[in-house]
Amino acid sequence: MTEKKTPLLDELEKGKWPSFVTEIKRAAVKSAASAELLQVLERSYEERRGHWKHGGIVGVRGYGGGVIGRYVDEPETYPNIAEFHTVRINQPSGFFYNTKTLRTICDLWEKHGSGLTNMHGSTGDIILLGCKTEHIQPIFDDYSEAGFDLGGSGSCLRTTNCCVGPGRCEYACYDTLEACYNITNEFMDELHRPMWPYKSKIKFSGCANDCTGAIARSDISVIGTWRDTIRIDQDAVKEYAANKFPIQSQVCDKCPTGCLTYNNETQELAVIAEDCTRCHHCINLMPKAIQAGKEKGATILVGGKSTIVQSAFMSSVVIPFMKMDVEDDFEEFKDTVRRIWEWWDENGKTRERIGETIFRLGMGKFLREAEIPIVPQQVFRPRANPYVFWAQEDLDKSGTALDGTAL
Amino acid sequence: MAAKLDQGPPNYKEMLPPIILDNYGKWKYHEIPRSGVLKHVSESGAALFSVRVATPRLVSIDFIRDVCALADEFCDGFLRWTTRNNIEFLLSDEAKVNPLIETLVAKGFAVGGTGAAISNIIHTQGWVHCHTPATDASGVVKAVMDDLYEYFESMKLPAKLKMGLACCLNMCGSTHCSDIGIVGVHRTPPRIDHDKIRKGTEIPSLVASCPTGAIRPDPKNKSVVVNEEKCMYCGNCYTMSPAMEIYDARNDGIAILIGGKVSNARSAPSFSRMVIPFLPNNAPRWPEVTEAIRAILELWIANADKGERLGEWVERIGWERFFALSGLPFSDMLIDDYIFARETFRTGAAFKY
């Protein structure tokens, strides 16, 4: 094959940041499909438009998702990428790997596909980028034998994801790695066999820093927190002071509730426990001196999503504090999400995320029907109008005036 | 052999190095001894070093094998990826940290992305693999990160800076909650291929897919019509039917949104807000985009307090002040007219000039 030129893409091999063009060229040495991808991408750079079509039902036996069909728009010109499908492989919790596992992923992908991957897709999966339809089932068979499973696609529970958690972070308020693994295994049917109005995502973050972006990027956001009071090690505070760390200006002055006071003479920090909102700022700045309380768990928030269709939503609080204990097998969480999904499945319209269903039908209705206790932590402030949907069965329906005459 | 169904992901416990198994849940604090290196110290006194390296996200299996060879040599075969597509080499032996970094640098890897830095741009597929892209993803990321490389390998920003890129108005790729969101935008209505619609489009689904109700059935033609005044160019209809081609090379381009965050520290999580409605798609290096982002970044660096995220700074000084300082033109295109527009209108008589 004569080497085809890619002058525009070559410009993106210059500079210090690692180049995806170099990566496609490396794959192109062994894969005719990757070589053609380079050609069609060069054309996109000339014409400033994409050349991919979606659609066509592709998949594996026993599952309703995990593979996304992709086709080039000029199959005659680019026969090797006429079919160039994506396979999603469910990643291990926290994106931890040993090199043996990674090499297995590479070897199988060299055998069946383009040799190109995304490590990782935004939802979390290992993305195998580009294979023919006839290879999909053998790919799944081989990866399955090696101990891997497919991720989600379509109107299902999408692949769950978590932060590094107690594996490497002192902030983790619950075991995000185990929660992600355990709960993914619990909901295999929901993940592999699309049956809902639309997709649903769960992300597990171990603390309020929310490194997985759970609050903005998942329908069910599980964000680590604690119920009692932050713990302060006054000896460690004194060490920060000795090292000239600006405790007053960087920590106390930036505390959003002003609940933290520093005594310059005694070099001690004090907290007004009931004023603290657990935002995590002080812990981020003084991790050696301040830590979370002892009664740890998670806040459960619902409804997060990106812009399409009805604007971006942040998840909002439904359960301010829930224990997330490995010993209990995360039972309370599993029961709660089952009720939440069941409500959405009954009430949601096609292509409506749960946040949109709640917005359309009302948070009060959702909380009542999903049997979630109603507490002030669920709102910033109460309603500013009198339009309450009163439960009519609780009211006097006699239809009479106070003197007993008919109304 | 038939595949095992529902066996779930590989068990993470098999992927953890011995130092993590020994100190699981016992980490006490961490430090950043230098850019690109995290040091986590356990209650037991054990220290784990993570060396962070950039990737372009789209990587070949050869790249992964190269990385494996390094992990075998320096990390007993253990490593991880971050949610922002960086790699972290996990070392239990401090003596190996500097030799690893020297080897990485010699091989051309980019070490950094920790603390008050930019740590890779979360992004989508773009022209590489998406069906509705208004711009490329990987190429824009490459151009922007080449330009801002100094802020990846150092920690001199006021606070951390998270960027995202979405190649169309769906705003995948976390652009809605990033400090800086780079968003591909279409600006013209879809072009209807009536033959294609007649051949294989479920018209009710197509009509229902439009968020603004701009698509109506046209029974006479056995097709649909688009009310162009109502169309917001989201491309949702093209996802439903390939007969609704939306790309338009002369008019597609990029919008810039700023000020989003997901962390709860100090202030509530917030969405990014549009500050530049359109920049041209000047492939392969997108100079207008890289210049615009650098200008915003430099303004933030010059004016923000220490520790203040981009959005926190703008909220403190006020958006009207941000536009005055940046010189960016403010226009009706930046005033929301979608579903939740009203909550962005100023309902008070106190503001700045």
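The values are calculated or read from the model by the stated rules, or taken from the named source; none is laboratory data. Keep in mind the model is a prediction, meaning the values are calculated, not measured. Here the Cβ positions follow ideal geometry from the backbone for every residue, glycine too, while neighbour counts run over all protein chains shown. Please note that ligands, DNA and RNA were not included when accessible areas were found on the heavy atoms of the full protein model with its side chains. Shrake-Rupley method; radii C 1.70, N 1.55, O 1.52, S 1.80 Å.
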In the stretch A:141-177, the residues that are facing chain B (nearest Cβ under 8 Å), closer than 30 Å to A:E352 by Cα and assigned to a helix (DSSP H, G or I): A:L177
Selection count where residues are under 25 Å from the mean Cα position of the chain (by Cα) and either in a loop (DSSP other than H, G, I, E, B) or surrounded by 23 or more Cβ atoms within 10 Å (Cβ to Cβ) (or both), scope the stretch A:61-85: 8
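Can you tell me how many residues in the stretch B:302-325 are open to solvent by 40 Å² or more (accessible area, probe 1.4 Å) and touching a residue at least 24 places away in the same chain (Cβ under 8 Å)?
So in the stretch B:302-325, the residues open to solvent by 40 Å² or more (accessible area, probe 1.4 Å) come out as B:302-303, B:305-306, B:315-316, B:319-321, B:324-325.
After this cut, where a residue has to be touching a residue at least 24 places away in the same chain (Cβ under 8 Å) as well, the list is B:305-306, B:315, B:319-321, B:324-325.
The total comes to 8.
Hey, can you tell me all the residues within the stretch A:353-366 that are buried (at least 19 other Cβ atoms within 10 Å of the Cβ) and touching a helix residue (DSSP H, G or I) at 6+ places or on another chain (Cβ under 9 Å)? Walk me through how you get there before you give the answer.
To start, the set of residues in the stretch A:353-366 that are buried (at least 19 other Cβ atoms within 10 Å of the Cβ) comprises A:353-358, A:366.
A:R353, A:I354, A:T357, A:I358, A:F366 - these are the residues of the stretch A:353-366 that are buried (at least 19 other Cβ atoms within 10 Å of the Cβ) and touching a helix residue (DSSP H, G or I) at 6+ places or on another chain (Cβ under 9 Å).
Got a sec? Which helices (runs of 4 or more DSSP H) wholly within the stretch A:304-388 have at least 1 residues that are in contact (Cβ under 8 Å) with a residue 12 or more places away in the chain and under 21 Å from the mean Cα position of the chain (by Cα)?
Because the criterion is at least 1 residues that are in contact (Cβ under 8 Å) with a residue 12 or more places away in the chain and under 21 Å from the mean Cα position of the chain (by Cα), the helices (runs of 4 or more DSSP H) in the stretch A:304-388 that meet it are A:331-347, A:354-361.
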Whichever residue in the stretch B:258-275 is crowded, with 21+ Cβ neighbours inside 10 Å and more than 8 Å from chain A (Cβ to nearest Cβ) and, among such residues, is farthest from the chain's Cα centre (by Cα): B:V275
Verdict on A:C180 being touching a helix residue (DSSP H, G or I) at 6+ places or on another chain (Cβ under 8 Å), within 21 Å of A:P320 (Cα to Cα) and buried (at least 21 other Cβ atoms within 10 Å of the Cβ): yes
Residue among A:S44, A:S34 that alone is crowded, with 22+ Cβ neighbours inside 10 Å, within 9 Å of another protein chain (Cβ to nearest Cβ), more than 27 Å from the chain's Cα centre (by Cα) and farther than 18 Å from B:D248 by Cα: A:S34
Unmet criterion (only one of (1) over 30 Å from B:E312 (Cβ atoms); (2) outside any helix (DSSP H, G or I)) for B:G184: (1)
Test: residue in the stretch B:230-244 that is over 23 Å from the mean Cα position of the chain (by Cα), part of a loop (DSSP other than H, G, I, E, B) and surrounded by fewer than 16 Cβ atoms within 10 Å (Cβ to Cβ): yes
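Hey, does the stretch B:67-85 have a residue that's assigned to a loop (DSSP other than H, G, I, E, B), under 23 Å from the mean Cα position of the chain (by Cα), polar (S, T, N, Q) and on the phi > 0 side of the Ramachandran plot?
Yes: the stretch B:67-85 contains one or more residues that are assigned to a loop (DSSP other than H, G, I, E, B), under 23 Å from the mean Cα position of the chain (by Cα), polar (S, T, N, Q) and on the phi > 0 side of the Ramachandran plot.
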Unmet requirement for B:S174, which otherwise passes all of (1) out of contact with any Lys or Arg (no Cβ under 8 Å at 6 or more places or on another chain); (2) facing chain A (nearest Cβ under 7 Å): (1)
Top-ranked residue in the stretch A:185-206 [being more than 9 Å from chain B (Cβ to nearest Cβ) and over 19 Å from A:S306 (Cα atoms); ranked as most open to solvent (accessible area, probe 1.4 Å)]: A:M195
All positions within the stretch B:25-44 that are in a loop (DSSP other than H, G, I, E, B) and either open to solvent by less than 60 Å² (accessible area, probe 1.4 Å) or under 30 Å from B:L157 (Cα atoms) (or both): B:G25, B:S35, B:G36
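Only one of A:T99, A:T77 is free of Cβ contacts under 8 Å to residues at least 60 places away in the same chain, of a type in the set (V, I, T) and either within 10 Å of another protein chain (Cβ to nearest Cβ) or under 29 Å from A:N185 (Cβ atoms) (or both). Can you tell me which? Give the derivation first.
Numbers: A:T77 fails: either within 10 Å of another protein chain (Cβ to nearest Cβ) or under 29 Å from A:N185 (Cβ atoms) (or both).
So the residue among A:T99, A:T77 that is free of Cβ contacts under 8 Å to residues at least 60 places away in the same chain, of a type in the set (V, I, T) and either within 10 Å of another protein chain (Cβ to nearest Cβ) or under 29 Å from A:N185 (Cβ atoms) (or both) is A:T99.
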Inter-residue pairs, beta-carbon under 9 Å, first away from chain A (no Cβ under 11 Å) and in the stretch B:142-164, second of a type in the set (K, R) and open to solvent by less than 30 Å² (accessible area, probe 1.4 Å), 6+ apart: B:P158/B:R309; B:L161/B:R309
Flag if B:A292 is open to solvent by less than 50 Å² (accessible area, probe 1.4 Å), small (G, A, S) and within 14 Å of chain A (Cβ to nearest Cβ): no
